[in-house]
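The values are calculated or read from the model by the stated rules, or taken from the named source; none is laboratory data. For clarity, every value in this text was computed on a predicted model and none was experimentally measured. Here the Cβ is made from the backbone with ideal geometry for all residues, glycine too, and neighbour counts use every protein chain on show.
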Amino acid sequence: MVTDKITQSAKVYPYKDMAEDAMLSDHCAVSVELFDNSHKVSTAVQWQTGSKEHQLLTAGVYQQAQAALATLPKDLQNWVVVMDVDETVLDNSAYQQHRESLGLGYSSESWSAWVASEKAGLVPGAKGFIEAVFEHGGQVALITNRDKALDAHTWNNLIAQHIPVTAENTCLVGRSAADKAAVAQPQFVNDKDLRRQQLRDGSIACSNSQNGAASNWQQPHHIVMQIGDNIQDFAGITQESADIKALLPKLGNSLFLLPNPMYGSWQ
């Protein structure tokens, strides 16, 4: 039972008869009724936050992805793993749980405040996998649909979780108006496709670039893996157009999908 919720929902009953025998206490002329007005958290959030199945599945996906790193050609240059951030690297289930406990859903204002708090946790297996990418000589591109204006907070959150990201080994790029507008063009299917193309051709604008690090990313990169919790974290795919038969051979090799029952393009 959360104290602030209880106190906010307190009802105060003043006594008009101030005679001592008429009051419940000889020290106070009011009585207070307290009750818990918290709302039930959805089973999706309960599963994400408390189940061993979620931990096992996510850690297992990253275990598969790490094993796939060993199969890459030793002489491969400028290779990069593209990863989503939310529910892929950073765990925001605490935000979802808090909002639902208040009987509220997502809002852009509350979400921006959550991102700015830099308090998201880690998805099981994510840190070890990212470290393995670096050990194998690769780089990571974090293509997130968090607003680009919030990228500094995302970067700080990653560092707070002890992920060894630097401007040289990691490119972080949030969503801008250009990404949304690009979907109207025939060569871009979802709102991450523009950034993936910029990564391939060496024109991506990493939010965390520093001096010489920028030139490192201004070279064409070869995307070897894509990891996310949404089917639209994969290039050229939408929820409506996804061809499961075509995707299956790539799953566990170049595409890695994490579970997220809380929200997604399926809604």
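Let me confirm something: among Ala113, Ala126, Ala67, which residue is small (Gly, Ala, Ser), free of Cβ contacts under 8 Å to residues at least 40 places away in the same chain and either under 19 Å from Leu258 (Cα atoms) or not assigned by TED's automatic domain parsing to the domain that holds Gln197 (or both)? Please lay out each step first, then the result.
On the way: Ala113 fails: either under 19 Å from Leu258 (Cα atoms) or not assigned by TED's automatic domain parsing to the domain that holds Gln197 (or both); Ala126 fails: free of Cβ contacts under 8 Å to residues at least 40 places away in the same chain.
That would be Ala67, the only listed residue that is small (Gly, Ala, Ser), free of Cβ contacts under 8 Å to residues at least 40 places away in the same chain and either under 19 Å from Leu258 (Cα atoms) or not assigned by TED's automatic domain parsing to the domain that holds Gln197 (or both).
Select from the range 199-228 the residues that are surrounded by fewer than 19 Cβ atoms within 10 Å (Cβ to Cβ), of a type outside the set (Gly, Ala, Ser) and farther than 24 Å from Leu251 by Cβ and list them in ascending order.
Correct list: Asp201, Gln210, Asn211, Asn216, Gln218, Gln219, Pro220.
Among the residues in the range 133-151, are any over 15 Å from the mean Cα position of the chain (by Cα) and aromatic (Phe, Trp, Tyr)?
Initially, the range 133-151 is screened for residues over 15 Å from the mean Cα position of the chain (by Cα), giving 133-140, 149.
Those still in the list that are aromatic (Phe, Trp, Tyr) too: 134.
Checked against the condition, which is being over 15 Å from the mean Cα position of the chain (by Cα) and aromatic (Phe, Trp, Tyr), the range 133-151 yields at least one hit.
If I filter the range 176-193 for residues that are in a strand (DSSP E or B) and touching a Lys or Arg at 6+ places or on another chain (Cβ under 9 Å), do I get at least one hit? Write out each step before concluding.
Kept after step one, since they are in a strand (DSSP E or B), are these residues of the range 176-193: none.
No, every residue in the range 176-193 fails to be in a strand (DSSP E or B) and touching a Lys or Arg at 6+ places or on another chain (Cβ under 9 Å).
Does the range 218-267 hold any residues that are free of Cβ contacts under 8 Å to residues at least 60 places away in the same chain and among the aromatic types (Phe, Trp, Tyr), and which are they?
The answer is Phe234, Trp266.
Which one is nearest to the chain's Cα centre (by Cα) among residues in the range 227-262 that are small (Gly, Ala, Ser) and in a loop (DSSP other than H, G, I, E, B)?
Step one: filter the range 227-262 for residues small (Gly, Ala, Ser), giving 228, 235-236, 241-242, 246, 252, 254.
Pick out the ones that are also in a loop (DSSP other than H, G, I, E, B) and you get 235-236, 241-242, 252, 254.
On the way: Ala235: 18, Gly236: 21, Ser241: 23, Ala242: 22, Gly252: 21, Ser254: 20 Å.
Among those that are small (Gly, Ala, Ser) and in a loop (DSSP other than H, G, I, E, B), it is Ala235.
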